[in-house]
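The values are calculated or read from the model by the stated rules, or taken from the named source; none is laboratory data. Computed from a predicted structure; not experimentally measured. With ideal geometry, Cβ positions are generated from the backbone for all residues, glycine too; neighbour counts draw on all protein chains shown.
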Amino acid sequence: MNIAIVKLSSLGDVIHALPVLGALRAARPEARLTWIVELRESAILRDHPELDAVIPVDTRRWRGMLLSPRGLARVGGDLRDLRGRMRQARFDVAIDLQGLIKSGLLTALTGAPLRIGFAATRCWEPLNALFTNRRVRPPARARHVIDQYRSLLAPLGVSAGAVSFRIPTSAAAEARMDEFFAAQGLTPREHVVALCPGARRPNKRWPVHHFRTLADRLSGDTGARALVVWGPGERDLARGIATGLWSRPVLAPPTDLDELGALLRRCSVLIAGDTGPLHLAAAVGTPAVGLFGPTPAERNRPWGPRGRGLQSPDGLMASIAPDAVLDTAVEFL
(Lines give C-alpha, C1' and ligand atoms only; values in the text may rest on other atoms or scores of the structure.)
Protein backbone atom coordinates (compact mmCIF):
# COMPACT_ATOMS: atom_id res chain seq x y z
CA MET A 1 0.00 0.00 0.00
CA ASN A 2 1.28 3.45 -0.96
CA ILE A 3 -0.03 6.12 1.43
CA ALA A 4 0.28 9.92 1.34
CA ILE A 5 -0.15 11.96 4.53
CA VAL A 6 -1.15 15.55 3.82
CA LYS A 7 -0.37 17.82 6.77
CA LEU A 8 1.20 21.03 5.60
CA SER A 9 1.68 23.24 8.66
CA SER A 10 2.28 24.60 11.22
CA LEU A 11 5.12 23.12 13.30
CA GLY A 12 2.91 22.24 16.25
CA ASP A 13 0.25 20.73 13.98
CA VAL A 14 2.81 18.60 12.14
CA ILE A 15 4.11 17.33 15.50
CA HIS A 16 0.54 16.53 16.57
CA ALA A 17 0.15 14.47 13.38
CA LEU A 18 3.24 12.32 14.03
CA PRO A 19 1.22 9.70 15.98
CA VAL A 20 -0.76 9.04 12.77
CA LEU A 21 2.52 8.20 11.06
CA GLY A 22 3.55 5.95 13.95
CA ALA A 23 0.26 4.09 13.92
CA LEU A 24 0.42 3.55 10.16
CA ARG A 25 3.98 2.26 10.31
CA ALA A 26 3.12 -0.14 13.15
CA ALA A 27 0.01 -1.48 11.40
CA ARG A 28 1.38 -1.48 7.84
CA PRO A 29 5.13 -2.12 8.09
CA GLU A 30 5.29 -2.97 4.40
CA ALA A 31 3.55 0.24 3.26
CA ARG A 32 5.34 3.10 1.54
CA LEU A 33 4.60 6.26 3.54
CA THR A 34 5.05 9.76 2.08
CA TRP A 35 4.35 13.09 3.81
CA ILE A 36 3.31 16.19 1.86
CA VAL A 37 4.31 19.23 3.95
CA GLU A 38 5.19 22.91 3.71
CA LEU A 39 8.84 23.59 2.93
CA ARG A 40 9.38 25.46 6.23
CA GLU A 41 7.96 22.63 8.35
CA SER A 42 9.66 19.85 6.38
CA ALA A 43 12.78 20.12 8.57
CA ILE A 44 11.01 18.31 11.42
CA LEU A 45 10.47 15.31 9.10
CA ARG A 46 13.96 15.17 7.64
CA ASP A 47 15.52 11.69 8.05
CA HIS A 48 12.46 10.47 9.94
CA PRO A 49 12.88 6.69 10.38
CA GLU A 50 9.19 5.93 9.80
CA LEU A 51 8.93 7.85 6.51
CA ASP A 52 9.93 6.66 3.04
CA ALA A 53 9.65 10.08 1.39
CA VAL A 54 8.85 13.74 2.04
CA ILE A 55 7.35 16.01 -0.63
CA PRO A 56 7.86 19.65 0.37
CA VAL A 57 5.57 22.30 -1.13
CA ASP A 58 5.74 26.07 -0.72
CA THR A 59 2.17 27.33 -0.75
CA ARG A 60 3.28 30.48 1.10
CA ARG A 61 5.46 31.42 -1.87
CA TRP A 62 2.72 30.51 -4.31
CA ARG A 63 0.25 32.77 -2.52
CA GLY A 64 2.55 35.73 -3.02
CA MET A 65 2.96 34.96 -6.72
CA LEU A 66 -0.72 34.81 -7.64
CA LEU A 67 -1.04 38.59 -8.10
CA SER A 68 0.90 38.78 -11.34
CA PRO A 69 0.36 36.92 -14.64
CA ARG A 70 3.98 35.74 -14.66
CA GLY A 71 3.73 34.53 -11.08
CA LEU A 72 0.44 32.81 -11.81
CA ALA A 73 2.06 30.98 -14.73
CA ARG A 74 4.94 29.86 -12.52
CA VAL A 75 2.56 28.54 -9.88
CA GLY A 76 0.69 26.64 -12.60
CA GLY A 77 3.97 25.12 -13.77
CA ASP A 78 4.92 24.15 -10.22
CA LEU A 79 1.55 22.47 -9.73
CA ARG A 80 1.87 20.53 -12.98
CA ASP A 81 5.32 19.32 -11.96
CA LEU A 82 4.01 18.39 -8.51
CA ARG A 83 1.05 16.54 -10.02
CA GLY A 84 3.39 14.58 -12.28
CA ARG A 85 5.63 13.66 -9.37
CA MET A 86 2.71 12.50 -7.27
CA ARG A 87 1.11 10.52 -10.09
CA GLN A 88 4.42 8.71 -10.60
CA ALA A 89 4.26 7.70 -6.95
CA ARG A 90 0.95 5.91 -7.68
CA PHE A 91 -0.66 6.53 -4.29
CA ASP A 92 -3.38 4.15 -3.16
CA VAL A 93 -4.51 6.31 -0.24
CA ALA A 94 -4.22 9.99 0.69
CA ILE A 95 -5.13 11.19 4.21
CA ASP A 96 -5.85 14.92 4.54
CA LEU A 97 -5.26 15.91 8.17
CA GLN A 98 -5.40 19.65 7.46
CA GLY A 99 -8.99 20.30 6.41
CA LEU A 100 -8.21 23.34 4.25
CA ILE A 101 -8.96 24.03 0.59
CA LYS A 102 -5.26 24.03 -0.28
CA SER A 103 -4.68 20.68 1.45
CA GLY A 104 -7.74 19.31 -0.33
CA LEU A 105 -6.35 20.39 -3.69
CA LEU A 106 -3.04 18.66 -2.93
CA THR A 107 -4.90 15.56 -1.77
CA ALA A 108 -6.74 15.49 -5.09
CA LEU A 109 -3.47 15.95 -6.98
CA THR A 110 -2.17 12.69 -5.52
CA GLY A 111 -4.65 10.82 -7.71
CA ALA A 112 -5.24 8.33 -4.89
CA PRO A 113 -8.44 6.30 -5.37
CA LEU A 114 -9.14 6.53 -1.62
CA ARG A 115 -8.94 10.06 -0.23
CA ILE A 116 -9.74 10.32 3.48
CA GLY A 117 -10.57 13.55 5.25
CA PHE A 118 -12.81 15.15 7.83
CA ALA A 119 -16.53 15.62 7.37
CA ALA A 120 -17.32 19.11 6.08
CA THR A 121 -18.63 20.29 9.44
CA ARG A 122 -15.30 19.33 11.06
CA CYS A 123 -13.06 21.03 8.48
CA TRP A 124 -11.53 24.44 9.03
CA GLU A 125 -12.72 25.18 5.48
CA PRO A 126 -15.80 23.06 4.67
CA LEU A 127 -15.09 23.11 0.92
CA ASN A 128 -12.17 20.80 1.71
CA ALA A 129 -14.69 17.94 1.73
CA LEU A 130 -15.15 18.33 -2.05
CA PHE A 131 -11.70 16.78 -2.56
CA THR A 132 -12.13 13.65 -0.42
CA ASN A 133 -14.34 10.61 -0.90
CA ARG A 134 -14.25 9.05 2.57
CA ARG A 135 -15.17 11.55 5.24
CA VAL A 136 -14.84 10.98 8.96
CA ARG A 137 -16.57 12.67 11.86
CA PRO A 138 -14.35 12.18 14.94
CA PRO A 139 -16.18 10.70 17.93
CA ALA A 140 -17.22 12.97 20.78
CA ARG A 141 -14.57 11.45 23.03
CA ALA A 142 -11.83 12.69 20.65
CA ARG A 143 -11.32 16.02 22.43
CA HIS A 144 -7.61 16.44 21.76
CA VAL A 145 -6.50 17.21 18.21
CA ILE A 146 -4.19 14.17 18.22
CA ASP A 147 -7.18 11.89 18.79
CA GLN A 148 -9.10 13.73 16.08
CA TYR A 149 -6.27 13.15 13.61
CA ARG A 150 -6.02 9.48 14.56
CA SER A 151 -9.75 8.99 13.93
CA LEU A 152 -8.97 9.30 10.20
CA LEU A 153 -7.23 5.92 10.37
CA ALA A 154 -10.54 4.09 10.90
CA PRO A 155 -11.36 3.68 7.17
CA LEU A 156 -8.08 1.77 6.81
CA GLY A 157 -8.90 -0.54 9.70
CA VAL A 158 -5.89 0.78 11.61
CA SER A 159 -6.16 0.88 15.39
CA ALA A 160 -4.82 4.13 16.81
CA GLY A 161 -2.96 2.40 19.66
CA ALA A 162 -0.66 4.29 22.02
CA VAL A 163 0.45 7.78 21.07
CA SER A 164 4.13 7.99 20.20
CA PHE A 165 6.38 10.66 18.74
CA ARG A 166 9.68 10.02 17.04
CA ILE A 167 11.76 13.15 16.59
CA PRO A 168 15.07 12.45 14.82
CA THR A 169 18.17 13.68 16.63
CA SER A 170 21.32 15.27 15.24
CA ALA A 171 24.65 14.45 16.88
CA ALA A 172 26.03 17.82 15.79
CA ALA A 173 23.07 19.69 17.31
CA GLU A 174 23.35 17.73 20.56
CA ALA A 175 27.06 18.59 20.79
CA ARG A 176 26.39 22.30 20.16
CA MET A 177 23.82 22.41 22.95
CA ASP A 178 26.21 20.59 25.30
CA GLU A 179 28.77 23.30 24.58
CA PHE A 180 26.25 26.09 25.12
CA PHE A 181 24.99 24.74 28.45
CA ALA A 182 28.56 24.24 29.66
CA ALA A 183 29.56 27.78 28.62
CA GLN A 184 26.58 29.20 30.55
CA GLY A 185 27.33 27.14 33.63
CA LEU A 186 24.06 25.21 33.31
CA THR A 187 24.60 21.72 34.70
CA PRO A 188 22.43 18.59 34.77
CA ARG A 189 22.03 19.06 38.53
CA GLU A 190 20.43 22.47 38.05
CA HIS A 191 16.77 23.02 37.18
CA VAL A 192 16.58 24.89 33.89
CA VAL A 193 13.17 26.25 32.90
CA ALA A 194 12.79 27.28 29.26
CA LEU A 195 10.56 30.31 28.65
CA CYS A 196 9.28 30.79 25.11
CA PRO A 197 7.55 34.18 24.67
CA GLY A 198 7.06 34.12 20.90
CA ALA A 199 4.05 33.14 18.83
CA ARG A 200 3.08 33.94 15.28
CA ARG A 201 -0.22 35.44 16.43
CA PRO A 202 0.21 38.31 18.90
CA ASN A 203 -2.96 37.33 20.78
CA LYS A 204 -1.29 34.01 21.70
CA ARG A 205 1.65 35.72 23.46
CA TRP A 206 1.83 35.95 27.23
CA PRO A 207 2.90 39.49 28.28
CA VAL A 208 6.61 40.16 28.72
CA HIS A 209 6.07 41.57 32.21
CA HIS A 210 4.43 38.29 33.26
CA PHE A 211 7.43 36.35 31.95
CA ARG A 212 9.78 38.67 33.85
CA THR A 213 7.83 38.16 37.07
CA LEU A 214 7.88 34.41 36.54
CA ALA A 215 11.63 34.31 35.87
CA ASP A 216 12.40 35.99 39.19
CA ARG A 217 9.87 33.87 41.08
CA LEU A 218 11.33 30.67 39.61
CA SER A 219 14.77 31.64 40.83
CA GLY A 220 13.68 32.95 44.22
CA ASP A 221 11.19 30.21 45.08
CA THR A 222 12.77 27.13 43.48
CA GLY A 223 16.37 28.02 42.62
CA ALA A 224 15.71 27.28 38.93
CA ARG A 225 17.42 29.19 36.12
CA ALA A 226 15.29 30.65 33.35
CA LEU A 227 16.44 30.12 29.77
CA VAL A 228 14.67 32.36 27.25
CA VAL A 229 14.09 30.65 23.90
CA TRP A 230 13.36 32.61 20.74
CA GLY A 231 12.86 32.11 17.02
CA PRO A 232 13.19 34.21 13.86
CA GLY A 233 12.27 37.84 14.52
CA GLU A 234 11.90 37.29 18.27
CA ARG A 235 15.35 38.22 19.60
CA ASP A 236 14.25 41.63 20.91
CA LEU A 237 11.21 40.06 22.57
CA ALA A 238 13.47 37.55 24.32
CA ARG A 239 15.94 40.23 25.37
CA GLY A 240 13.07 42.14 26.97
CA ILE A 241 12.70 39.21 29.36
CA ALA A 242 16.34 38.31 29.86
CA THR A 243 17.68 41.81 30.52
CA GLY A 244 17.72 43.70 33.83
CA LEU A 245 16.42 41.04 36.23
CA TRP A 246 18.21 40.08 39.42
CA SER A 247 17.70 36.39 38.56
CA ARG A 248 19.82 36.83 35.40
CA PRO A 249 17.90 34.67 32.90
CA VAL A 250 20.02 33.12 30.17
CA LEU A 251 19.30 34.11 26.55
CA ALA A 252 19.30 31.05 24.31
CA PRO A 253 21.40 31.09 21.14
CA PRO A 254 19.76 31.10 17.71
CA THR A 255 18.67 27.55 16.93
CA ASP A 256 17.41 25.50 14.04
CA LEU A 257 14.83 22.78 14.72
CA ASP A 258 17.46 20.13 15.50
CA GLU A 259 19.18 22.45 17.97
CA LEU A 260 15.88 23.52 19.53
CA GLY A 261 14.96 19.90 20.15
CA ALA A 262 18.38 19.28 21.71
CA LEU A 263 18.02 22.37 23.92
CA LEU A 264 14.56 21.33 25.13
CA ARG A 265 15.78 17.83 26.01
CA ARG A 266 18.15 19.45 28.50
CA CYS A 267 15.47 21.50 30.27
CA SER A 268 13.40 20.54 33.31
CA VAL A 269 10.25 22.19 31.92
CA LEU A 270 9.16 24.53 29.12
CA ILE A 271 6.58 27.31 29.54
CA ALA A 272 5.08 28.74 26.35
CA GLY A 273 1.93 29.80 24.57
CA ASP A 274 0.20 27.60 22.01
CA THR A 275 3.11 27.47 19.60
CA GLY A 276 5.48 25.00 17.95
CA PRO A 277 8.17 24.79 20.66
CA LEU A 278 5.51 23.88 23.26
CA HIS A 279 4.53 20.77 21.30
CA LEU A 280 8.12 19.96 20.35
CA ALA A 281 8.99 19.90 24.07
CA ALA A 282 6.19 17.44 24.77
CA ALA A 283 7.28 15.29 21.83
CA VAL A 284 10.89 15.02 23.06
CA GLY A 285 9.74 14.17 26.60
CA THR A 286 10.25 17.49 28.37
CA PRO A 287 7.47 18.54 30.76
CA ALA A 288 5.55 21.41 29.18
CA VAL A 289 3.17 24.05 30.52
CA GLY A 290 1.02 25.59 27.79
CA LEU A 291 -0.67 28.98 28.20
CA PHE A 292 -3.92 29.25 26.24
CA GLY A 293 -5.98 32.34 25.54
CA PRO A 294 -7.85 32.36 22.20
CA THR A 295 -7.24 28.66 21.53
CA PRO A 296 -8.71 25.81 23.62
CA ALA A 297 -6.37 24.01 26.01
CA GLU A 298 -8.60 20.92 25.90
CA ARG A 299 -7.88 20.53 22.18
CA ASN A 300 -4.29 21.75 21.95
CA ARG A 301 -2.58 21.22 25.31
CA PRO A 302 0.81 19.47 25.43
CA TRP A 303 0.15 15.76 25.15
CA GLY A 304 0.57 13.29 27.98
CA PRO A 305 0.88 13.24 31.77
CA ARG A 306 3.90 15.56 31.60
CA GLY A 307 1.88 18.27 29.84
CA ARG A 308 -0.42 20.90 31.30
CA GLY A 309 -2.69 23.46 29.67
CA LEU A 310 -3.70 26.61 31.54
CA GLN A 311 -6.76 28.27 30.01
CA SER A 312 -7.38 31.99 30.32
CA PRO A 313 -10.77 32.70 31.94
CA ASP A 314 -11.64 35.35 29.36
CA GLY A 315 -9.63 34.42 26.27
CA LEU A 316 -6.92 37.02 26.98
CA MET A 317 -3.37 35.84 27.61
CA ALA A 318 -2.75 38.59 30.16
CA SER A 319 -5.43 37.08 32.40
CA ILE A 320 -3.27 34.00 33.13
CA ALA A 321 -1.59 34.89 36.42
CA PRO A 322 2.15 34.24 36.95
CA ASP A 323 1.33 32.59 40.30
CA ALA A 324 -0.78 29.95 38.54
CA VAL A 325 2.00 29.27 36.03
CA LEU A 326 4.59 29.03 38.81
CA ASP A 327 2.46 26.56 40.78
CA THR A 328 2.09 24.35 37.70
CA ALA A 329 5.81 24.49 36.89
CA VAL A 330 6.66 23.50 40.47
CA GLU A 331 4.76 20.23 39.94
CA PHE A 332 7.54 19.20 37.56
CA LEU A 333 10.44 20.73 39.50
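Quick rundown of the values:
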item	result
Some residue of the stretch 217-230 being farther than 27 Å from G99 by Cα, among the charged types (D, E, K, R), in a helix (DSSP H, G or I) and touching a Leu at 6+ places or on another chain (Cβ under 6 Å)	yes
One residue from E50, E41 being in a loop (DSSP other than H, G, I, E, B), of a type in the set (D, E, K, R), touching a helix residue (DSSP H, G or I) at 6+ places or on another chain (Cβ under 9 Å) and assigned by TED's automatic domain parsing to the domain that holds R134	E50
Failed item, numbered, when R176 is tested on (1) in contact with an Asp or Glu (Cβ under 8 Å, 6 or more places away or on another chain); (2) in a loop (DSSP other than H, G, I, E, B); (3) among the charged types (D, E, K, R)	(2)
Tally, over the stretch 231-247, of residues that are assigned to a loop (DSSP other than H, G, I, E, B) and touching a helix residue (DSSP H, G or I) at 6+ places or on another chain (Cβ under 8 Å)	4
Helices (runs of 4 or more DSSP H) fully within the stretch 256-333 counting 2 or more residues that are crowded, with 23+ Cβ neighbours inside 10 Å and at pLDDT 95 or above	257-265, 276-283, 322-332
Members of the stretch 296-317 found to be of a type in the set (A, V, I, L, M, F, W, C) and within 14 Å of W206 (Cβ to Cβ), listed by number	A297, L310, L316, M317
Residues (surrounded by fewer than 19 Cβ atoms within 10 Å (Cβ to Cβ) and closer than 10 Å to L97 by Cβ) located in the stretch 1-37	D13
The listed residue being crowded, with 16+ Cβ neighbours inside 10 Å, touching a residue at least 12 places away in the same chain (Cβ under 8 Å) and under 17 Å from L291 (Cβ atoms), out of A252, A215	A215
Condition met for A199 (under 19 Å from G307 (Cα atoms) and either touching a strand residue (DSSP E or B) at 6+ places or on another chain (Cβ under 6 Å) or free of Cβ contacts under 8 Å to residues at least 12 places away in the same chain (or both))	yes
Residue list for the stretch 179-205, filter: assigned to a helix (DSSP H, G or I) and either loosely packed, with under 14 Cβ neighbours inside 10 Å or among the charged types (D, E, K, R) (or both)	E179, A182, A183, P202, N203, K204
Only one of G99, G104, G117, G111 that is on the phi > 0 side of the Ramachandran plot, under 23 Å from the mean Cα position of the chain (by Cα) and in contact (Cβ under 8 Å) with a residue 24 or more places away in the chain	G99
Index of the failed condition, C123 passing every other in (1) in the same structural domain as G285 (by TED's automatic domain parsing); (2) in contact with a Leu (Cβ under 8 Å, 6 or more places away or on another chain)	(1)
Any hit, the stretch 60-70, residues being of a type in the set (A, V, I, L, M, F, W, C) and surrounded by fewer than 15 Cβ atoms within 10 Å (Cβ to Cβ)	yes
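One line per residue, one yes/no per condition, for (1) in contact with a Lys or Arg (Cβ under 7 Å, 6 or more places away or on another chain); (2) of a type outside the set (K, R); (3) under 19 Å from E331 (Cβ atoms):
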residue: R248; (1), (2), (3): no, no, no
residue: P253; (1), (2), (3): no, yes, no
residue: G261; (1), (2), (3): no, yes, no
residue: C267; (1), (2), (3): no, yes, yes
residue: P277; (1), (2), (3): no, yes, no
residue: G290; (1), (2), (3): yes, yes, yes
residue: L310; (1), (2), (3): no, yes, yes
residue: M317; (1), (2), (3): yes, yes, no
